[in-house]
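*Asks:* Dumping the structure here so I can ask a few things about it.
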Amino acid sequence: MLESGLNGAQLAIRSILIVGGGTAGWMTAAALSHALGDRCAITLVESDEIGTVGVGEATIPPIKLFNDTLGIDEAQFLRETKGSFKLGIEFVDWARRSHRYFHPFGTFGKPFDLVAVHQHWLAARAAGSPVPFDALSMAWGAARHGRFARPMADPRSVASTFDYAYHFDARLYAAFLRRYAEARGVVRVEGKVADAALDGERGHVASVTLNDGRTLSADLFVDCSGFRGLLIEGALATGYDDWTHWLPCDRAVAVPCATGGEGMTPYTRSTARAAGWQWRIPLQHRTGNGYVYCSRHLSDDEAAATLLANLDGEPLAEPRFLRFTTGRRRQFWNRNVVAIGLASGFMEPLESTSIHLIQTGIAKLLAYFPTRDFDPMLIDEYNRVAITEVERIRDFLILHYKLTMRDDAPLWRECAAMDIPDTLALKIAHFRHGGRLVARDMDLFGPASWAAVHIGQLNNPVSFDPLLDTTNSASFVDRLATAVDTMARSMPEHGAFLQQIGASRST
């Protein structure tokens, strides 16, 4: 045991080089500096000349854990990133035109017996109840009224059944974390990476050379260079699995606009368009907008024109265009390089998972943190977990496209007819047969999320759970919807709550 400990100490990682800044780079730097302290030299190289994607402005609830772990005060974080609260995502025109539903954070009430709440709702609807499924969600109850408060701790209250995340300015978040990381010893180097050198023994990355000739070496490299994947692909030729046959959008155009229309709603909106979908993300100082689309069905000019015609207020910048290929690297960790964020792959932002995948990549790196021998067993397990995780998210995103009844545009007809992964086909079949939610290892999205999208996309079951006693279903649904609405109306308005906790830029 002593010998093993000594060997571990002798082989400890002494230096880490993060290639690339932005949200991925500075989240990584902040987390590693917090976890490792002064035991390891951490350097981040980035260039002010290279822009960041900067559209990852919506998140899901686990981001709270990341911030909490770093000891970040919520009000300060929201104030400095001009952020707002997020209770879920409203989907408009996805199942069919003039139809909408909400994917909430949290659950749909609480079951009063052994049967899931959505089963009681299905029975109540079959008996003629007019209560929409969304009305059973505390998150939507608050969101639809523009209200927000933190969940109650009392499990007996319906106000304990929701969760929340944030909208924020991704560039401001990166700057916030840069200050955090530099205060803990991270050294930033300005420059562009021009080349990478491999060692002759193991084929590991030994150093990178900047365009001015400087050389930076390290034991462990973290590739946060975005779509380019300068190390994971450029140096190590890891390979890429393309998923555009399932997720056909390959372009995006983004533009911020002045706050207008509905104002700072506590939720994200995704509106299906003829060749993709448009996002709306409300911040304290502006609204973020973008159109994610399929270039086979829409030109860049047409996409920009559609986006600009559907803004809440005046545009605040020129449209920015992005090109991407949805998919993943064949390995997220290859030799002594770990890819984080867009360098590891791209998952379109339909369910706000971009920043979450940065977070989980960092968490896995800390969980399987190596020594300089880079044990293949650790690397294999990291890759197994990472690949399973993104494939589960991939299936959840495909669900939105596959379960469409729209036939008014080629993209939607293609999506409705496309072949899908067997793992997803099984889940769709189970729900259609009896409203059952089949869980799989490392599903990021839980039963309530799957129920929201199945029902929202009109995947109507042909039967109920055989344990269901329908006698009290309609009464239960009515009481739950009333309790949700009553509690929601008692909450403060979203903007007022931000001011109340000192999170508003005006405080």
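The values are calculated or read from the model by the stated rules, or taken from the named source; none is laboratory data. Nothing here was measured: the structure is a model prediction, and the numbers come from that model. For neighbour counting, all protein chains shown are included, and Cβ atoms are generated from backbone atoms with ideal geometry for every residue, glycine included.
*Asks:* Counting only residues that are among the β-branched types (Val, Ile, Thr) and either touching a strand residue (DSSP E or B) at 6+ places or on another chain (Cβ under 6 Å) or farther than 18 Å from Val453 by Cβ (or both), which one in segment 87-136 is surrounded by the most Cβ atoms within 10 Å (Cβ to Cβ)?
*Replies:* Ranking the candidates gives Ile89 first.
*Asks:* Would you pick out the residues in segment 137-163 that are crowded, with 23+ Cβ neighbours inside 10 Å and over 19 Å from Ala481 (Cβ atoms)?
*Replies:* Phe148
*Asks:* Something else: Find all pairs meeting these conditions: Cβ atoms under 6 angstrom apart; at least six residues apart or on different chains; first residue within segment 300-328 and not assigned by TED's automatic domain parsing to the domain that holds Ala343 and of a type in the set (Asp, Glu); second residue in a strand (DSSP E or B) and surrounded by 14 or more Cβ atoms within 10 Å (Cβ to Cβ).
*Replies:* Asp312/Cys257; Asp312/Thr287
*Asks:* Another one. Of all the residues that make up segment 281-297, how many are within 26 Å of Arg394 (Cα to Cα) and either touching a residue at least 40 places away in the same chain (Cβ under 8 Å) or surrounded by fewer than 16 Cβ atoms within 10 Å (Cβ to Cβ) (or both)?
*Replies:* Going through segment 281-297, the residues within 26 Å of Arg394 (Cα to Cα) turn out to be 281-282, 288-297.
Next, only the ones that are either touching a residue at least 40 places away in the same chain (Cβ under 8 Å) or surrounded by fewer than 16 Cβ atoms within 10 Å (Cβ to Cβ) (or both) stay: 281-282, 288, 290, 292-297.
The qualifying residues number 10.
*Asks:* When segment 260-286 is examined, which residues are found to be β-branched (Val, Ile, Thr) and either in contact with a Pro (Cβ under 7 Å, 6 or more places away or on another chain) or at positive phi (or both)?
*Replies:* In the first step, residues of segment 260-286 are kept if they are β-branched (Val, Ile, Thr); the result is 265, 268, 271, 281.
Matches in segment 260-286: Thr265 only.
*Asks:* Ok, one more. I'd like the full set of residues that are surrounded by fewer than 20 Cβ atoms within 10 Å (Cβ to Cβ) and out of contact with any helix residue (DSSP H, G or I) (no Cβ under 6 Å at 6 or more places or on another chain), limited to segment 165-184.
*Replies:* Arg171, Ala175, Arg179, Glu182, Ala183
*Asks:* Name the helices (runs of 4 or more DSSP H) wholly within segment 410-507 that hold at least 2 residues that are more than 24 Å from Ala165 (Cβ to Cβ)?
*Replies:* Filter on segment 410-507 gives 410-417, 422-434, 473-490.
*Asks:* Please state which one of Arg479, Arg432, Arg489 is basic (Lys, Arg) and surrounded by fewer than 13 Cβ atoms within 10 Å (Cβ to Cβ).
*Replies:* Arg489
*Asks:* Could you say whether any residue in segment 429-446 is touching a Gly at 6+ places or on another chain (Cβ under 6 Å) and more than 30 Å from Asp73 (Cβ to Cβ)?
*Replies:* no
Yes/no matrix, rows are residues, columns are (1) farther than 24 Å from Asp134 by Cα; (2) in the same structural domain as Ala275 (by TED's automatic domain parsing); (3) over 25 Å from the mean Cα position of the chain (by Cα); (4) not hydrophobic (A, V, I, L, M, F, W, C):
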| site | (1), (2), (3), (4) |
| --- | --- |
| Cys415 | yes, no, no, no |
| Met442 | yes, no, no, no |
| Ile455 | no, no, no, no |
| Val477 | no, no, yes, no |
| Gln500 | yes, no, yes, yes |
| Ser504 | yes, no, no, yes |
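*Asks:* For Leu365, work out the one condition from (1) more than 21 Å from the chain's Cα centre (by Cα); (2) among the hydrophobic types (A, V, I, L, M, F, W, C); (3) in a helix (DSSP H, G or I) it doesn't fulfil.
*Replies:* Going through the list (1) more than 21 Å from the chain's Cα centre (by Cα); (2) among the hydrophobic types (A, V, I, L, M, F, W, C); (3) in a helix (DSSP H, G or I), Leu365 breaks only (1).
*Asks:* While we're on this one: Any idea how many residues of segment 180-228 are at pLDDT 95 or above, acidic (Asp, Glu) and part of a loop (DSSP other than H, G, I, E, B)?
*Replies:* 3
*Asks:* Same structure again: Is there a residue in segment 208-216 that is surrounded by 21 or more Cβ atoms within 10 Å (Cβ to Cβ), more than 30 Å from Pro315 (Cβ to Cβ), within 23 Å of the chain's Cα centre (by Cα) and not assigned by TED's automatic domain parsing to the domain that holds Ile420?
*Replies:* No, there is no match, as no residue in segment 208-216 is surrounded by 21 or more Cβ atoms within 10 Å (Cβ to Cβ), more than 30 Å from Pro315 (Cβ to Cβ), within 23 Å of the chain's Cα centre (by Cα) and not assigned by TED's automatic domain parsing to the domain that holds Ile420.
*Asks:* While we're here: Looking at Arg440, Arg413, Arg432, Arg436, can you tell me which residue is among the charged types (D, E, K, R) and touching a residue at least 40 places away in the same chain (Cβ under 8 Å)?
*Replies:* Arg440
*Asks:* Would you check which residues across segment 448-507 are without any contact (Cβ under 8 Å) to a residue 12 or more places away in the chain and within 30 Å of Leu172 (Cα to Cα) and list them?
*Replies:* Result: Ala496, Gln499, Gln500, Ser506.
*Asks:* Could you check how many residues of segment 229-253 are surrounded by fewer than 22 Cβ atoms within 10 Å (Cβ to Cβ) and part of a strand (DSSP E or B)?
*Replies:* Residues flagged as surrounded by fewer than 22 Cβ atoms within 10 Å (Cβ to Cβ) and part of a strand (DSSP E or B) within segment 229-253 amount to 4.
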